[in-house]
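Visitor: Once you've had a glance at the structure underneath, I'll fire off some questions.
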Amino acid sequence: MKPVVLIVIDGLTPSMFEAAETPALRLLAERGEYTRAASVFPSLTPVCLTSIATGAYPDVHWIPHLVWWHRDEERLVEYGSSFGAMRAAGLARGLRDTIVDLNARHLSRDAETIYEALEATGLTTAAINITCYRGTHRHLPTIPGAPAVFGPKRFFFYSLYESDATGAPLAFLNRGLGSIDAYAATVGRWLVTRDGFDLLVHYLPDYDYASHAQGPDAAHEALRRSDDAITALFDAAGGPDEFLDRYAVVVCSDHGQSKISNVAKLEAGDDLVTASNRAAMVYTADPRRVATLLDREPSAGTVVFLEDDVLVARRDGDEDLALLDAVPDGRTRAERALRNPNAGEVLVSATPGFEFVDLAGRHHLGGGSHGSLEAADSEVPMLTVGLGAPPASITGIKPLVTRHFRSAGARAA
Ligand SMILES: [Zn+2]
């Protein structure tokens, strides 16, 4: 049974992947099967990575957005829309929410992570830098004062948690120059050299960071560095052929990106709005009134809510569920986002070109952003090598990988 390496390049669009001339991605594409797959809604990293790790939509895993209202604790949760937004929500609280409580408290107990699922069958899982990491092994922090967390057996998180000493450089010293992907490359090389896992989740965030600044399909230098991190895995195995002899592979991203030419501060009367990037939520007792109010708001594209427990979609005064058929997996993604108990009662997908400012007024005008139901934000590249047909949704990765190990187990028995 081949171990599996799952590589997630944050924010990589299908068009950028398909045109990529970087050597590691080209080689994998030539050996594998490829499709464009759908993300979830909102197409924002904490939501998407949790869907990748749990195989579930937000109605099951309960992570609703980058920023949301915690009804029980009556406070905002902010996972890092920007440094300013995190400071506005309370920096220490924000760091704890993002690093610890997303997994320890916000992620539903009814969702099962891929690490929990595979380790329950005796397999070893490893994760590098992915923000959804919940597992059964307790890990102490590398700096005093931070809490212990529960993750997969082999767990590496931005130099803050390290299950093994790998000699990797500090992850956060020079973000703009790709220090996080360089850290991931060193840890990945260490793990492959020791063949120390059945599943390795190798998360590369630096591409998204560059693409927010430069705009979609422009961050070629950042993509080259992500490609170098994959080449480091090949080298650790003795070359690409040896690597693919040993491992099955998935390469994907968590969401796309689109070009930002307008920004807006979304408001909905007296009701609380949580907005970031290209998605917003409104916490309200009267969803229809809010949706109708937003008919006149240029930044509000498709607006969805539940009425008598039935999905409703509006756009500029038109009310028709067929609006959702124009976007990838639209009806399912909208409904399963709304049925998340932590979501607002009204969800707003931004008009193409628009971005909503976050708590600190930050935005990516002139660059790239994501979060909406629109195809540019919601389509991801999905490549599999040695695992059969690639899934049509990021929620299909966990079932694909668990099936791979089940069928291998059945053959061995
Ligand atoms: Zn992003």
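The values are calculated or read from the model by the stated rules, or taken from the named source; none is laboratory data. Quick caveat, the model's predicted, so the values are computed rather than measured. In this analysis, Cβ positions are derived from the backbone assuming ideal geometry, glycine residues included, and neighbour counts consider all displayed protein chains.
Visitor: Taking only pairs six or more apart or across chains, which ones have beta-carbon atoms under 6 Å, a first residue in the range 191-220 that is polar (S, T, N, Q), and a second residue that is more than 14 Å from the ligand (Cβ to nearest atom)?
Guide: These pairs meet every condition: T193/A236.
Visitor: What about L118, is it without any contact (Cβ under 8 Å) to a residue 24 or more places away in the chain, among the hydrophobic types (A, V, I, L, M, F, W, C) and farther than 21 Å from A337 by Cα?
Guide: Judged against the criteria, L118 is not a match.
Visitor: Determine whether the range 1-8 contains at least one residue that is within 16 Å of the ligand (Cβ to nearest atom), buried (at least 24 other Cβ atoms within 10 Å of the Cβ) and farther than 23 Å from A350 by Cβ.
Guide: Yes, the range 1-8 contains at least one residue that is within 16 Å of the ligand (Cβ to nearest atom), buried (at least 24 other Cβ atoms within 10 Å of the Cβ) and farther than 23 Å from A350 by Cβ.
Visitor: OK, next. Given the structure, is D59 more than 16 Å from the ligand (Cβ to nearest atom), farther than 17 Å from R339 by Cβ and at pLDDT 95 or above?
Guide: For D59, the condition - more than 16 Å from the ligand (Cβ to nearest atom), farther than 17 Å from R339 by Cβ and at pLDDT 95 or above - is not met.
Visitor: Among the residues of the range 239-267, write down those that are part of a strand (DSSP E or B) and either within 26 Å of P399 (Cβ to Cβ) or more than 15 Å from the ligand (Cβ to nearest atom) (or both).
Guide: Within the range 239-267, A248, V249, V250, V251, C252, N262, V263, A264 meet the criteria.
Visitor: Restricting attention to the range 199-238, which residues are of a type in the set (D, E, K, R) and assigned to a helix (DSSP H, G or I)?
Guide: D206, D208, E221, R224, R225, D227, D228, D235
Visitor: Next question. Could you say whether any residue in the range 283-297 is within 16 Å of the ligand (Cβ to nearest atom) and either modelled with pLDDT of 95 or more or over 28 Å from R109 (Cβ atoms) (or both)?
Guide: no
Visitor: Assuming E379 fulfils every condition listed in (1) within 18 Å of the chain's Cα centre (by Cα); (2) more than 16 Å from the ligand (Cβ to nearest atom); (3) crowded, with 20+ Cβ neighbours inside 10 Å apart from one, which condition is it?
Guide: Against the list (1) within 18 Å of the chain's Cα centre (by Cα); (2) more than 16 Å from the ligand (Cβ to nearest atom); (3) crowded, with 20+ Cβ neighbours inside 10 Å, E379 comes up short only on (2).
Visitor: Considering only residues that are closer than 16 Å to S15 by Cα, within 14 Å of the ligand (Cβ to nearest atom) and in contact with a helix residue (DSSP H, G or I) (Cβ under 6 Å, 6 or more places away or on another chain), which ones fall in the range 196-218?
Guide: Answer for the range 196-218, where residues must be closer than 16 Å to S15 by Cα, within 14 Å of the ligand (Cβ to nearest atom) and in contact with a helix residue (DSSP H, G or I) (Cβ under 6 Å, 6 or more places away or on another chain): just Y207.
Visitor: Let me confirm something: among E221, E162, which residue is away from the ligand (no atom under 16 Å from the Cβ), charged (D, E, K, R) and out of contact with any strand residue (DSSP E or B) (no Cβ under 7 Å at 6 or more places or on another chain)?
Guide: E221
Visitor: Another question about this same structure. Would a scan of the range 34-47 turn up a residue that is assigned to a helix (DSSP H, G or I) and away from the ligand (no atom under 16 Å from the Cβ)?
Guide: Scanning the range 34-47 turns up no residue that is assigned to a helix (DSSP H, G or I) and away from the ligand (no atom under 16 Å from the Cβ).
Visitor: Now for a separate question. Just to be sure I understand the filter: pairs with C-beta atoms under 7 Å, separated by 6 or more residues or on different chains, first member in the range 314-328 and surrounded by 11 or more Cβ atoms within 10 Å (Cβ to Cβ), second member among the acidic types (D, E) and part of a helix (DSSP H, G or I). Which pairs pass?
Guide: R314/D295; D316/D295
Visitor: Tell me, please, whether a residue that is over 22 Å from the mean Cα position of the chain (by Cα) and buried (at least 19 other Cβ atoms within 10 Å of the Cβ) can be found in the range 123-145.
Guide: Yes; the residues of the range 123-145 include at least one that is over 22 Å from the mean Cα position of the chain (by Cα) and buried (at least 19 other Cβ atoms within 10 Å of the Cβ).
Visitor: What are the pairs with Cβ atoms under 7 angstrom where one residue, in the range 25-52, is within 20 Å of T402 (Cα to Cα) and the other, located anywhere, is assigned to a helix (DSSP H, G or I) and aliphatic (A, V, I, L, M)? Sequence gap at least six, or different chains.
Guide: Correct list of pairs: A37/I394; S39/I394; C48/I394; S51/I394; I52/I394; I52/I397.
Visitor: With respect to R411, determine if the residue is among the charged types (D, E, K, R) and at pLDDT 95 or above.
Guide: no
Visitor: Report the residue count in the range 28-40 for those that are surrounded by fewer than 19 Cβ atoms within 10 Å (Cβ to Cβ) and over 20 Å from the mean Cα position of the chain (by Cα).
Guide: So the answer is 4.
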